[in-house]
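The values are calculated or read from the model by the stated rules, or taken from the named source; none is laboratory data. These numbers were taken from a predicted model, which means no experiment stands behind them. As a convention, Cβ positions derive from the backbone with ideal geometry for all residues, glycine included, and neighbour counts pool all protein chains shown. The area values use the complete protein model at the heavy-atom level, side chains included, leaving out ligands, DNA and RNA. Shrake-Rupley method; radii C 1.70, N 1.55, O 1.52, S 1.80 Å.
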Amino acid sequence: MSRVHGYGRVETGRTLTFTFDGRTYTGHPGDTLASALLANGVHLVGSSVKLGRPHGISAAWTEDATALVQIERPFPEPMLQATTVELVDGLVARGLRGQGRLASLADPARYDRQHTHTDTLVIGAGPAGLLAALAAARAGEDVVLVDDRSCAGGALTGTEVVDGRPALEFVADVVEELARLGVRHLQRTTAFGQYDDGFVLALQRRTDHLGAAAPAHRGRQRVHRIRALKVVVATGAQERPIVFADNDRPGIMLAASARDYLHRYGVLAGREVVVFTSDDAAYAAALDLAGAGSEVTLLDVRDAPPREWAARAADAGVAVHASAVVTGTEGEQRVRAVLARTVDGGIRLPADLLLVSGGWNPVVHLFSHARGALAYDPELGSFRPTSSLPGVTAIGAANGTLDLAGVLRDGAGPDAPVAGPEPARTPTGIVWRTEGDPDRQFVDIQRDATVTDIGRAVGAGLRSVEHVKRYTTIGTAHDQGKTSGVLASGITAELLGARIEDLGTTTYRPPYTPVAFAALAGRSRGELFDPVRTTPLHEWHVAAGAVFEDVGQWKRPRYYPRPGEDMDTAVLRECAATRSGVGILDGSTLGKIDVQGPDAGVLLDRLYTNMMSTLKVGRVRYGVLCGNDGMVLDDGTVLRIDEHRYLLTTTTGGAATVLDWMEEWLQTEWPELRVHLTSVTEQWSVFPVVGPRSREVVGEVFADLDVGNDAFPFMAWRDTTLDGVPVRVARISFSGELAYEVNVCSWYAPALWTRLLAAGQRHGITPYGTETMHVLRAEKGYPIIGQDTDGTVSPQDLGMSWVVSKKKDDFVGKRSFSRPENHNPLRKQFVSLLPVDGRTRLPEGSQIVELCDDGLPEPPVPMLGHVTSSYHSAELARPFALALVKNGRARIGELVDVPVDGALVRALIGDTVLVDPEGARRDG
Amino acid sequence: MNDVTTAPGADLPEHPDFLWRNPEPKKNYDVVIIGGGGHGLATAHYLAKNHGITNVAVLEKGWLAGGNMARNTTLIRSNYLWDESAAIYEHALKLWEGLEDDLGYPILFSQRGVLNLAHTEQDIRDSVRRVEANKLNGIDAEWLGPDEVKRICPIINTSGDIRYPVRGATYQPRAGIAKHDYVAWGFARRVDEAGVDLIQDCEVTGFTVDGDRVTGVRTSRGDIGCGTVALCAAGHTSVLLDELGVRTPLQSHPLQALVSELLEPVHPTIVMSNAVHVYVSQAHKGELVMGAGVDSYNGYGQRGAFHIIERQMAAAVELFPVFARAHLLRSWAGIVDVTPDASPIVGHTPYENVFVNAGWGTGGFKATPGLGWCFAHTIAHGQPHPYVAPFSLDRFTTGALVDEHGAAAVAH
Ligand SMILES: Cc1cc2nc3c(=O)[nH]c(=O)nc-3n(C[C@H](O)[C@H](O)[C@H](O)COP(=O)(O)OP(=O)(O)OC[C@H]3O[C@@H](n4cnc5c(N)ncnc54)[C@H](O)[C@@H]3O)c2cc1C
């Protein structure tokens, strides 16, 4: 065991059991899978994707590039970093090579999403972030503080001193004060993306670390959608490795990470340690490990090692070699020896742990997501924020400040707490790689991509880091180049003889760390994927045995089968009952828009193809809306309610589109018009009462209403009341039959529906669904926009030139009607098709071709159009279809062929109106 | 730990040791192609290969093929509704089928088929219509019921307990995916070999004009004279044509895509659903590659809004419950140039020697070789190739639109 007494913050009093690669181990609460493995002396975790080289644990947190694992229990999860998996009892995991595995079962966990608005969001609870949050909170701001680790403190190991106290006591005090000031402080919460205007997404891990103790009601993960006036990026810095031959072996690790393992988890990652550095920070790691009992040798690239540190090292018995570089390593499953070149020549140092530090890369991802500019800082040997991004600041190590005193000042200004004395930092030696076999110098360890690969890319003619990345695949693996990105730029620059400043880095893109799909889906799954809309009568429909159809977001009754009926028989019955007696439909899903204001008529005149402003109060007019291209967008009826008020209806599926369309014109083109639009779809319920007996039913229910043709003509509406409840009735017919559309406030819909049914009972009133509605309208040749049209059909194509005003100066789509193509005689026109055999129902969507007496010729076969609607008709006692056919109206009476399942079905082109062409029925 | 010696799908074929020279621009070229994306490069390839025209420069403002060519989700199919579209995309698909040999480059063209799901009655009508049209145009297409969908892609939830159950799908077996960089670099290497100059970091900022002819382009690397200009600048085409006073009905929108980590193979085909707005394939290395519709606002920012990604993830998990714990690894966006009828604009401009190719919107990758072939023909003959003739700029005045926006059409 590598656990050292007196170190670490794991709960050694409790033991957790876990399984890795089939073997059982123990660890403690507070461990990560990686720290627990190291504690058990396990360095070998997985293997590399291409070459199958053994891989170990190369860091302690999200910058780790090698220790990828598959979780099998408690629930399969592909490809996680062992360094970020918190240990729980019963965890089962295995090392990965290349690909993770998805569960074959559905994930039982719940995920959700929360919106948060705040004055200041601080990302990162290291010393800089804590102090920035504190300053903002003390100034009375509303503050949110998020941090991805399990507790606050950031890179503080606990050995530092702040204001004369151990650093972690200082952290605890700040955390306590933040809580008192009401700061929303979330640990285990990773800000993973920053978008414009202070919009930050953060993922909170809420249950995994609790294991079996997680409360059942708690969602596993939550996405916080945070909107902040000010965003403070205090995300720290990640250590940068140096590339040398065989730098990918288990037991090779970033220097600060080894320190983290020691102080956070009490784990000594090696006993015989070589530290290879070009930066001062690694001396602290060397000294701490030596203090914990390791034997440590330090190789510093620089000719002049930092004097103060070197002296401390000497005191601690750590040998320091200046001007020394690692040139290779030995050991298969774990590093066994380090090969180096020192001023005295080549040496071989036996080792079970090799720590590396090439300086620091500020974690600029979130700054860069929002397009904050980065520039190369030659002192850092890395990229850091340059420009200020409105509302966003980077502080502390994220901004390149590497000394604790400076970091504290970044967070709290001149009155910052005082850091204990530390040796002054000396310049980092900027080294991307050492000498040695470039074939074995891994730049992106996960992708087995080497210096040789970069050399080949450059030799192939590539000059951009983006090209090099794609050629070599560097930076495309699970870690998205956290440690390899800057190195790849540096080495490419070196090989090209260019300046890294001119080359830049590849772009950082969200997410900062991987996020489960399900977390992003949140609660928008199943029923809530797109919340179901139902009408107030839904329960009644269910009780009546309706079969439902999805129309837009709505569930609509498609038909109401009686015992033993299939759809066809049910629909034939519903159709016949309606045409011969009376039927009733729940039409409440119809889109309804209340248009009010002195310019309401002007707006409608500009949008509809026909004139609406001349409509009289109390009357109804059918209208068509076209797009700019003159193609039909939607249709519906318009009721004039009073001088400045209209109520318009849209198709069920088109309601939102039409409202958006109208608002777009109103807001962007004609803001001067004094009109307001309000969706009232759900406020009004609508029941068309249809058929020759409808007058009797409606007349009986609304005793105050004169339902005769003279007092209440076709295309008029009347207000009445029933038991004091206002009701609006309109004479509109979508079936050709006498019909009354009864509108009522949705609150009263079930009551009114029941009254209408009761009154209709002796007339045999039959509730019908959308399918019957479709058949009845098709028999009359009324198109359904979106079914009989597809965005390429003009009103003229539909045979509705009468709906296009010749008088109006202009309206949307008018200009397009004069284009030559709109007068092309070969345009497709709306017609009916009668299968000659009188039996075949043509499948909707079928294509139509010229008669082929010798069967279908070889492709390409010219197409004349297609079948848009097709039904059995009770009235006609035969199947019929509607279709769009080239030059169709001129071809009425001609025959065409329709390929169906490999055979040809002959059909006769006819006029669209097949039932009651004289229109005799609409007045009863 | 796994002890297999090669991880499945982990490895991609190596790129060749040499790709292209980085020449200084010459004073003059017979043809200057603006935009070094897939279309610009393919056009240069077929100019050289089919027409022997090699005194050509491809001018690219950034790094070669770093625009949409580097960002797309590589779906290739030809099951388009309208005859005009089917003809050009099917021409392209046939070229894809021989492209690896033509380019001598492993482009990883994998014909794994595409399922376009239907969830509503109207989806079914539209699907049948498209399948029937495809068959009559000689394009492989089938209508499949939910059970057959499940057989081809077992991880799709075809049960009734999802919000919009899968009612069936159209299937084009010859559809597939390829590796976009490999395609671009394959073309680039070939055209470089043919003597074409690929000039990067060379932004065209304006034109020199003589009457209704353009005599040269102004660039960030100096003025370059030219006999013919071929615009292949995708989302920036309208900006360039503005310089010439030519208005084009193009709107540039962000279009986003994303990938997961590498996963063991679970998804053998390509699945697209317009109704729930997502499409997914599993690429060669094992990552899930997905996209959805465009962001609705206009922009040149090459990044989109996050709610689009969230919506798309919801749709993905809804259709593929096993994706729940796959992880989003990286998301990005390109700028796509969308026309009012969602079909491209290819052919003449009011300038005699300026030809335009733009407006491929969310679906131009699949056209790459077909467009290159036809655009090269157009440039060489001064007349549109028959396959691109329907896509003239003047169709917006004549009204002869090829409306792929319509109900029956599918994006990408
Ligand atoms: C996220 C996403 C997913 C997609 N998925 C698919 C898909 O699955 N299937 C499919 O078929 N299509 C898809 N597409 C669409 C496809 O990528 C494009 O239609 C196609 O790539 C466009 O052609 P191109 O390759 O020439 O464009 P680009 O690669 O964008 O090339 C245009 C080039 O012009 C350059 N340029 C612009 N202005 C200038 C100037 N002034 N001077 C010099 N150079 C200039 C640009 O830098 C760019 O390199 C997708 C697009 C995106 C963004």
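One table, with the values for the structure above:
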quantity	calculated
Any pair with Cβ under 6 angstrom, 6 or more apart, that starts in the range A:824-853 at a residue that is among the basic types (Lys, Arg) and ends at one that is in a loop (DSSP other than H, G, I, E, B) and at pLDDT 95 or above	A:ARG827/A:ASP797
Pair list, Cβ under 6 Å, 6 or more apart: the range A:274-290 residue among the aromatic types (Phe, Trp, Tyr), other residue part of a helix (DSSP H, G or I)	A:TYR283/A:TRP309
Test result for B:VAL336, open to solvent by 10 Å² or more (accessible area, probe 1.4 Å) and touching a residue at least 60 places away in the same chain (Cβ under 8 Å)	no
Qualifying residue in the range B:318-341 (condition: away from the ligand (no atom under 16 Å from the Cβ), more than 14 Å from chain A (Cβ to nearest Cβ) and more than 28 Å from A:VAL793 (Cβ to Cβ))	no
Selected residue (only one of B:ALA184, B:ALA169, B:ALA118, B:ALA188 is within 24 Å of the chain's Cα centre (by Cα), away from the ligand (no atom under 16 Å from the Cβ), within 12 Å of chain A (Cβ to nearest Cβ) and crowded, with 23+ Cβ neighbours inside 10 Å)	B:ALA118
Meets criteria (in contact with an Asp or Glu (Cβ under 7 Å, 6 or more places away or on another chain) and more than 14 Å from chain A (Cβ to nearest Cβ)) for B:GLY361	yes
Residue that is within 23 Å of the chain's Cα centre (by Cα) and among the basic types (Lys, Arg), where the choices are A:ARG240, A:ARG225, A:ARG271	A:ARG225
Single match in A:GLY52, A:GLY46 (criterion: within 12 Å of another protein chain (Cβ to nearest Cβ) and open to solvent by 20 Å² or more (accessible area, probe 1.4 Å))	A:GLY52
Verdict on A:ASP279 being within 14 Å of chain B (Cβ to nearest Cβ) and either surrounded by 24 or more Cβ atoms within 10 Å (Cβ to Cβ) or modelled with pLDDT of 95 or more (or both)	no
Residue ID - most open to solvent (accessible area, probe 1.4 Å), chosen from residues in the range A:58-90 that are farther than 18 Å from A:HIS43 by Cα and assigned to a strand (DSSP E or B)	A:ARG73
Of all residues making up the range B:377-401, the number that are closer than 20 Å to B:ILE53 by Cα, part of a helix (DSSP H, G or I) and open to solvent by less than 30 Å² (accessible area, probe 1.4 Å)	2
Residue in the range B:46-63 that is farthest from the ligand (Cβ to nearest atom), counting only those that are aliphatic (A, V, I, L, M) and surrounded by fewer than 24 Cβ atoms within 10 Å (Cβ to Cβ)	B:ILE53
Filter result for A:LEU268 (open to solvent by less than 20 Å² (accessible area, probe 1.4 Å), of a type outside the set (S, T, N, Q) and within 22 Å of A:LEU404 (Cα to Cα))	no
Hits in the range B:255-281 - residues which are within 16 Å of the ligand (Cβ to nearest atom), outside any strand (DSSP E or B) and more than 25 Å from B:ASN298 (Cβ to Cβ)	B:HIS267, B:THR269
Subset of the range B:200-254 that is assigned to a loop (DSSP other than H, G, I, E, B) and of a type in the set (D, E, K, R) - its residue that is farthest from the ligand (Cβ to nearest atom)	B:ASP212
The range B:360-374, subset touching a Phe, Trp or Tyr at 6+ places or on another chain (Cβ under 8 Å) and either of a type in the set (A, V, I, L, M) or assigned to a loop (DSSP other than H, G, I, E, B) (or both), residue nearest to the ligand (Cβ to nearest atom)	B:LYS366
Filtered residues of the range A:476-485 (kept if modelled with pLDDT of 90 or more and open to solvent by 10 Å² or more (accessible area, probe 1.4 Å))	A:GLY485
Qualifying strands (runs of 3 or more DSSP E) (wholly inside the range A:151-254; at least 3 residues being farther than 20 Å from A:ALA412 by Cα)	A:189-195, A:199-205, A:221-233, A:252-254
Among the candidates A:ARG558, A:ARG533, residue that is surrounded by fewer than 20 Cβ atoms within 10 Å (Cβ to Cβ), in contact with a strand residue (DSSP E or B) (Cβ under 7 Å, 6 or more places away or on another chain), at pLDDT 90 or above and within 13 Å of another protein chain (Cβ to nearest Cβ)	A:ARG533
Within the range A:636-663, considering residues that are among the polar types (S, T, N, Q) and open to solvent by 10 Å² or more (accessible area, probe 1.4 Å), the one farthest from the chain's Cα centre (by Cα)	A:THR637
Boolean, B:ASP201 is within 11 Å of chain A (Cβ to nearest Cβ) and surrounded by fewer than 19 Cβ atoms within 10 Å (Cβ to Cβ)	yes
Any hit, the range B:343-353, residues being in contact (Cβ under 8 Å) with a residue 12 or more places away in the chain and within 7 Å of chain A (Cβ to nearest Cβ)	no
Single residue of A:ARG165, A:ARG205 found to be open to solvent by 10 Å² or more (accessible area, probe 1.4 Å) and within 14 Å of chain B (Cβ to nearest Cβ)	A:ARG205
All positions within the range A:288-308 that are hydrophobic (A, V, I, L, M, F, W, C) and open to solvent by 30 Å² or more (accessible area, probe 1.4 Å)	A:ALA304
The lone exception for A:TRP540 - which of (1) in contact with a helix residue (DSSP H, G or I) (Cβ under 8 Å, 6 or more places away or on another chain); (2) modelled with pLDDT of 95 or more; (3) within 13 Å of chain B (Cβ to nearest Cβ); (4) open to solvent by 30 Å² or more (accessible area, probe 1.4 Å) it fails	(3)
Top-ranked residue in the range A:690-710 [being open to solvent by 50 Å² or more (accessible area, probe 1.4 Å) and not in a loop (DSSP other than H, G, I, E, B); ranked as farthest from A:GLN761 (Cα to Cα)]	A:ARG695
Any hit, the range A:117-124, residues being in contact with a strand residue (DSSP E or B) (Cβ under 9 Å, 6 or more places away or on another chain) and in a loop (DSSP other than H, G, I, E, B)	yes
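Rundown of residues vs (1) in a loop (DSSP other than H, G, I, E, B); (2) within 11 Å of the ligand (Cβ to nearest atom), yes/no style:
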{"position": "B:PRO16", "(1), (2)": "yes, no"}
{"position": "B:PRO25", "(1), (2)": "yes, no"}
{"position": "B:VAL32", "(1), (2)": "no, yes"}
{"position": "B:ALA42", "(1), (2)": "no, yes"}
{"position": "B:ALA65", "(1), (2)": "yes, yes"}
{"position": "B:MET69", "(1), (2)": "no, yes"}
{"position": "B:THR73", "(1), (2)": "yes, yes"}
{"position": "B:ALA92", "(1), (2)": "no, yes"}
{"position": "B:ARG112", "(1), (2)": "yes, no"}
